[in-house]
């Protein structure tokens, strides 16, 4: 549970820096035990927005780490999951066993990536 608390704190802190109408934060724990955070950044011309999950995973790769074991996403919404594109990145860098957690102010829900996309290509 200590890892989740650290992931939660990192994700909520990153969320505070988001540039978006709906602020989202994410924190990734790598297989090496490091935590990387990211937030969503909406582009004013809408050519491409950066999602918090991809931002955090990119920070992990930029630091020289390569395998995610867990990702926690935070937002002030009742219900949410990563979009299909973000799940592609989670599968690419974490695999089907990567834990994917969603946290709002009311609580936390956790799934394995393959539970969210059970028919994802192997």
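Readers should treat all values here as calculations from the given coordinates under stated rules, not as data from a laboratory. Remember, it's a predicted structure, so these values are computed and weren't measured experimentally. Using ideal geometry, Cβ is built from the backbone for each residue, glycine included, and neighbour counts are taken over all protein chains shown.
Points to keep in mind about this one:
- Contact order, relative form, for the chain: 21 percent (alpha carbon pairs under 8 Å, 6 or more residues apart, mean separation divided by residue count).
- When the Gaussian network model of the chain links Cα atoms closer than 10 Å, the mean-square fluctuations of 99, 110, 60 top out at 110.
- A protection proxy built from the mean count of other Cβ atoms within 10 Å ranks the segments 27-35, 101-109, 66-74, most packed first, as 66-74, 27-35, 101-109.
- Histogrammed with a bin width of 5 Å, the alpha carbon distances of region 2-116 distribute as 2, 14, 25, 27, 20, 9, 3, 0 percent, first bin at zero.
- Proxy reagent accessibility, fewest Cβ within 10 Å first, across 19, 5, 50, 90: 5, 19, 50, 90
- FRET efficiency for residue 44 and residue 104, using Cβ-Cβ distance with R0 set to 25 Å, rounded to 0.05: 0.40
- Per-residue [θ]222 nm for the chain (sum of -39500 (n - 2.57) over DSSP H runs n ≥ 4, rounded to 500): -9500 deg cm²/dmol
- Gap separating the Cα centres of region 89-108 and region 1-66, nearest whole Å: 12
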